[in-house]
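Student: Handing you a structure now.
Bear in mind that the values in this text are calculations on the coordinates, not laboratory data. All values reported here derive from a predicted model rather than from experimental measurement. Every residue, glycine as well, gets a Cβ built from its backbone with ideal geometry; the counts of neighbours run over all protein chains shown.
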Ligand SMILES: [Ca+2]
């Protein structure tokens, strides 16, 4: 066995030191710290265990989770009622969604199945099997981006769902796990909300580096005490194309917040 160089031994010490996430890179410049500015509030189905949220051509698509209550829906953003809603099989737990080229993709948590649905009718076109867990999903012009609860984002083919590559997301040099719902924006960034926190991060998908952290705790603070007792975690982020605004909600939240990310 070769003797390890001192620098390697130091790196190994850093990797195994402490109880935080793994060191994966030089810390670099610290991530920008932003907060949410609430622009408007829209109603949200308080029975929706939100797992995926995306706007496409003026319509809001939403996917939900938990066995027996997983579905995907579409509604005009400015309309109070859904245009259509389609359930998943009762034994499946729905996760992230995204809309590409006339189809809606919907992940499942531990069922290993991605559903591909017609964008307009939401009827099922096909199912694709994959390994591991499914959490969040968003689409870029040349690939899908998927989270699985770890610090890795996986890039997948927009037609076959084949893995094309992956990147480890890190903030201040440390891997950042529990990346949940995703949102791809036109400027090439990937936003993720972080499970069990009220934090959203802006990720450079080429390097995995977190360039900004957004404190979204002001949203839960806006809910009444009674509502706050009933809701689950923040989850669901959708960019409003052509603007600097996002829609953000959570699991069982009665409100869909329209926000800006500001210093
Ligand atoms: Ca999204």
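Student: Any chance you could list P(r) for the stretch 133-257, counting all Cα-Cα pairs in 5 angstrom bins from zero, rounded to whole %?
Tutor: Per 5 Å bin, starting at 0, the Cα pair percentages come out as 2, 11, 22, 23, 18, 13, 7, 3, 1, 0.
Student: List the relative contact order of the chain as a percent without decimals, with contacts defined as Cα pairs under 8 Å and 6+ residues apart.
Tutor: Relative contact order of the chain: 21 percent.
Student: State whether the stretch 29-262 is rounded, prolate or oblate according to the following rule on the C-alpha gyration tensor (a ≥ b ≥ c being the square roots of its eigenvalues): a/c under 1.5 gives rounded; otherwise a/b larger than b/c gives prolate, and the remaining case gives oblate.
Tutor: Rounded, because the longest to shortest axis ratio a/c is under 1.5.
Student: Name the shape class, rounded, prolate or oblate, that the alpha-carbon gyration tensor gives for the stretch 21-118, where a ≥ b ≥ c are the square roots of its eigenvalues, rounded holds for a/c under 1.5, and otherwise prolate holds if a/b is larger than b/c and oblate otherwise.
Tutor: oblate
Student: Starting from the Cα of residue 22, step 7 Å along the direction of its Cβ; do the same at residue 113; then give the gap between the two resulting points in nm.
Tutor: 3.2
Student: Kindly give the semi-axes, whole Å and largest first, of the ellipsoid equivalent to the stretch 150-215, taking each as the square root of 5 times a Cα gyration tensor eigenvalue.
Tutor: 20, 12, 12
Student: What FRET efficiency would be calculated for the residue pair residue 222, residue 66, taking the C-beta separation as r and a Förster radius of 30 Å, to the nearest 0.05?
Tutor: After rounding, the FRET efficiency stands at 0.75.
Student: A further question on this structure: Please list, short to long, the whole-number percent of alpha-carbon pairs of the stretch 49-182 in consecutive 5 angstrom bins beginning at zero.
Tutor: Calculated P(r), rounded to whole percents: 2, 11, 22, 24, 20, 12, 6, 3, 1.
Student: Using Cα atoms only, what is the angle between the long axis of helix 6-16 and the major principal axis of the chain, expressed in degrees (0 to 90) to the nearest 10?
Tutor: Here the helix axis deviates by roughly 30 degrees.
Student: Given the stretch 29-262, what percent of its DSSP beta bridges are antiparallel, to the nearest 5?
Tutor: Among the beta bridges of the stretch 29-262, antiparallel pairing accounts for roughly 95 percent.
Student: Please work out the FRET efficiency for the pair residue 128 and residue 78, using the Cβ-Cβ distance as r and a Förster radius of 35 Å; give the result to the nearest 0.05.
Tutor: Taking R0 as 35 Å, the efficiency between residue 128 and residue 78 is 0.60.
Student: What number, rounded to the nearest 500 deg cm²/dmol, is the helix-based mean residue ellipticity at 222 nm of the chain, given -39500 (n - 2.57) per DSSP H run of at least four residues and division by all its residues?
Tutor: Here the helix-only value at 222 nm equals -2500 deg cm²/dmol.
Student: Please compute the length gained on full extension between residue 57 and residue 164, using 0.36 nm multiplied by the number of residues separating them and subtracting their Cα-Cα distance.
Tutor: Extra length available between residue 57 and residue 164 comes to 35.8 nm.
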